[in-house]
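Take a look at the structure below.
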Amino acid sequence: MNSTITIVRLTPDSPHVASVASWTHAEWGHLNPDYTADSWRDAFRRECGDGGVPSVFVAMDGDQPVGTAALMARDMDDRPDLTPWLASVFVLPEWRGQGIATRLIRRVEQEAAACGTRRFYLFTPDQQALYRRLGWCDHEELSYRGEEVTIMLRELGA
């Protein structure tokens, strides 16, 4: 694990919002074709809350963002009954394999627990093994906007 990495809360006025939003738009924009890069960035900025839901965290190497993860009220329009969500877990390719995603996920879990969340969700097409290693359980498999995904559940301690 890279000890020079710090995990910080992203604020709406951060100079890193545009970069981080562009990563998530490039990775998941196909699931929301009505969003332009600009409207995605604006929606992303609204998710940068002061604490609890919503919150966005960024892994920083000095003053450079290298990864992100979020705690959001909604991440799958088809499932408004499930809330909140771990969302937008992304690490730049050159930084992968160093435990950064795990640190981001754990930080979001801490945030969720601190605001009283006892259970929350994520969906992924291909990272089930990572999340299972971190204590997440399969909840449901479905097709979401043309992509086969697994909704996963995390129970937090009482």
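The values are calculated or read from the model by the stated rules, or taken from the named source; none is laboratory data. On a predicted model such as this, the values are computed, not experimentally measured, just so you know. FYI the Cβ positions are ideal-geometry reconstructions off the backbone, even for glycines, and counts take in every protein chain you see.
Looking at (1) touching a Lys or Arg at 6+ places or on another chain (Cβ under 8 Å); (2) loosely packed, with under 14 Cβ neighbours inside 10 Å, which one does LEU31 not meet, given that it meets all the others?
Failed condition: (2).
For region 49-89, what are the residues that are more than 19 Å from TRP23 (Cβ to Cβ) and touching a Cys at 6+ places or on another chain (Cβ under 6 Å)?
GLY52
Has region 7-21 got any residue that is of a type outside the set (S, T, N, Q), within 26 Å of GLU141 (Cβ to Cβ) and touching a Cys at 6+ places or on another chain (Cβ under 8 Å)? Write out each step before concluding.
Taking region 7-21 first, the residues of a type outside the set (S, T, N, Q) are 7-10, 12-13, 15-18, 20-21.
In the following step, the residues that additionally are within 26 Å of GLU141 (Cβ to Cβ) were identified as none.
No, region 7-21 has no match at all.
Report, by residue number, each residue of region 92-127 that is under 17 Å from PHE57 (Cα atoms), surrounded by fewer than 22 Cβ atoms within 10 Å (Cβ to Cβ) and β-branched (Val, Ile, Thr).
Answer for region 92-127, where residues must be under 17 Å from PHE57 (Cα atoms), surrounded by fewer than 22 Cβ atoms within 10 Å (Cβ to Cβ) and β-branched (Val, Ile, Thr): THR102, ILE105.
Take the residues in region 2-25 that are touching a helix residue (DSSP H, G or I) at 6+ places or on another chain (Cβ under 7 Å) and among the hydroxyl-bearing types (Ser, Thr, Tyr), then tell me which one is surrounded by the fewest Cβ atoms within 10 Å (Cβ to Cβ).
SER22
Take region 132-151 and flag every residue that is touching a Ser or Thr at 6+ places or on another chain (Cβ under 7 Å) and touching a residue at least 24 places away in the same chain (Cβ under 8 Å).
Those that are touching a Ser or Thr at 6+ places or on another chain (Cβ under 7 Å) and touching a residue at least 24 places away in the same chain (Cβ under 8 Å): LEU134, VAL149, THR150.
Tell me which residues, restricted to region 41-72, are of a type in the set (Lys, Arg) and either modelled with pLDDT of 95 or more or surrounded by 15 or more Cβ atoms within 10 Å (Cβ to Cβ) (or both).
ARG41, ARG45
Would a scan of region 18-40 turn up a residue that is in a loop (DSSP other than H, G, I, E, B), out of contact with any His (no Cβ under 9 Å at 6 or more places or on another chain), at pLDDT 90 or above and of a type in the set (S, T, N, Q)?
Within region 18-40 (the criterion being in a loop (DSSP other than H, G, I, E, B), out of contact with any His (no Cβ under 9 Å at 6 or more places or on another chain), at pLDDT 90 or above and of a type in the set (S, T, N, Q)), the answer is no, since none of the residues qualifies.
If a residue must be touching a residue at least 12 places away in the same chain (Cβ under 8 Å) and more than 11 Å from the chain's Cα centre (by Cα), how many such residues does region 58-83 contain?
Of the residues in region 58-83, 12 are touching a residue at least 12 places away in the same chain (Cβ under 8 Å) and more than 11 Å from the chain's Cα centre (by Cα).
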